[in-house]
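Read-outs throughout are calculated quantities, based only on the coordinates presented, and are distinct from any laboratory measurement. Just so we're clear, the structure is a prediction, and the values are computed from it rather than from any experiment. Ideal geometry is used to build each Cβ from the backbone, glycine not excepted, and the neighbour counts take in all protein chains shown.
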Amino acid sequence: MNQKNTGRLSFFLDSVKNVYSIFFSMGRRAKKTKIFFLFSFLPVVIAFIIKFNQIFSGRGKIQGIYVFSNLIVVFYLQFLILILALFFGTSVASEETEGQTLVYLTTRPISKSAIVLGKYSAYTTLVTLMMSVGVLLSFLILNVNNLGNFSLYKILLRDVVVLGLGLICYTAFFTFIGVFLKKSIIVGLVFSFGWENVIQYFPGSTQRFSIIHYLKSLLPTFSSGRFSFLMFRLEPSPIGTAIFMLFLITVIFLCLACILFSQKEYILED
């Protein structure tokens, strides 16, 4: 019995790996990916404009790492990772049903859960790479005069890890939304720029019902200044609790997405 279960698990993991390889390759060449990759370079353009203005205006008093941590990272955290996770997460299920390719996937000897996990992993990898490239270039541009200060790279690594955790968690949530609802993009936009951008400023334990609360809890509290609004009213959770909650939310919504996708009957329209 144990050997049989081990064989099933091995086959399931191989199926996830094969789905991941196929959709990572397809996603890398997709037109949507290229568009969002260019879109993810918006902070790089902002960083270049800020640095250009500092150099030619002679106003270089604000340190590059301050602008990076309090403007560029905030822009990613509050906007870009939500957009990337939303459009790639919801497409895990929707592009198969809307493109009427689900029937071809399900006729192969792989489970629907393997399809969800494989595509989720592939798309999460893609959006994480998009984010990482943009963050790295923005960091280099803003700190071009201080690249020999190796303490700055700890800040860069921390910010990339926090944003990466955000993408992992948000993409899992939006994968579930894409399986559960037909008009998932609209619901996702309301959640992203309604719930997540409002509830985080509620006092007390209410803010803990948002994903962004746990992401912000992993960042240092900014000193008062022009960009300190991100930490306004934040009552951070302990770092260990924040990391645990992010992974718990990810696992819960991925499991729900797999269960629902496996049991749901999809009617493909002509």
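Near K51, which lysines are there with a Cα under 16 Å away, not counting those fewer than 8 places off in the same chain?
Within the straight-line limit of under 16 Å, K51 reaches these lysines: K61.
Which whole-Hz ³J(HN,Hα) couplings does region 174-180 yield from phi under the Karplus relation 6.51 cos²θ - 1.76 cosθ + 1.60, θ = phi - 60°, glycine and proline marked x?
Whole-Hz 3J(HN,Hα) from phi for region 174-180: 6, 4, 4, 4, x, 6, 7.
Sort out for me the Cα centre separation of region 130-152 from region 71-86, rounded to whole Å.
Centre-to-centre distance over Cα atoms comes out at 17 Å.
Considering only Cα-Cα distances, which of the following residue pairs are longer than 21 Å: K183/K216; K31/K119; K34/K119; K119/K216; K119/K182; K112/K182?
K183/K216; K119/K216
Taking θ as phi - 60°, what are the ³J(HN,Hα) couplings along region 116-123 by the Karplus curve (6.51, -1.76, 1.60), each to the nearest whole Hz, with x for Gly and Pro?
Those phi angles translate into 4, 5, x, 5, 4, 5, 5, 6 Hz.
I'm a student and want to see the number: the projected area of the Cα convex hull of region 9-263, averaged over all directions, in nm².
With the hull built on Cα positions only, its mean projection is 15.1 nm².
Apply the Karplus parameterisation 6.51 cos²θ - 1.76 cosθ + 1.60, with θ equal to phi minus 60°, to every residue of region 24-37 and state each ³J(HN,Hα) to the nearest whole Hz, in sequence, with x for glycine and proline.
5, 5, 5, x, 4, 9, 5, 4, 4, 5, 5, 5, 5, 5
Using the crude model of +1 on Lys and Arg Cβ and -1 on Asp and Glu Cβ, and no other charge, please compute the dipole size for region 9-263 relative to its Cα centre, in debye to 20.
420 debye
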